[in-house]
């Protein structure tokens, strides 16, 4: 049986992971599709446990002073900090492995 869900019903685009609501509850991974408006910004932070992959589906972002465009994939390993800025309206896919709640440390 097929089931239909809507991304708008998820929190900040996160739809797989150990949180509610979720489509698949797991600590192994977290997955989100995120939409940003030009100028949106996230403060510099790092993870102690998780490796994070940010895929730019469309638009342009800046992380740690570097610009990334359509189809770029950014890998951020534990202990490496970055900020995030949407240069244009942008859609990203974010994957965190493992799914580690409370693993976001601001600098």
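Every number in this text was worked out from the coordinates using simple rules, so none of it is lab data. Everything quoted here is computed from the prediction, not taken from an experiment. Glycine also receives a Cβ, built like all others from the backbone with ideal geometry; neighbour counts cover every protein chain displayed.
For the chain, the relative contact order is 33 percent, taking Cα pairs closer than 8 Å that sit 6 or more residues apart in sequence and dividing their mean separation by the residue count.
Here the label points at residue 87 and residue 24, each 7 Å from Cα along the C-beta direction, are separated by 3.3 nm in the simple model. Take each peptide in 80-92, 15-27, count the other Cβ atoms within 10 Å of every residue, and average; sorted highest first, the result is 80-92, 15-27. The stretch 1-51 gives an Rg/Rh value of 1.03, both radii derived from C-alpha positions and Rh following Kirkwood. Modelled this way, with points 7 Å down the Cα-to-C-beta line, the labels at residue 2 and residue 51 are 3.4 nm from one another. The alpha-carbon atoms of the chain, seen along their principal axes, cover 44, 29, 19 angstrom, with the largest extent given first.
With 0.36 nm allotted per residue and the present C-alpha distance subtracted, the residue 40-residue 71 stretch has 9.2 nm of extension available.
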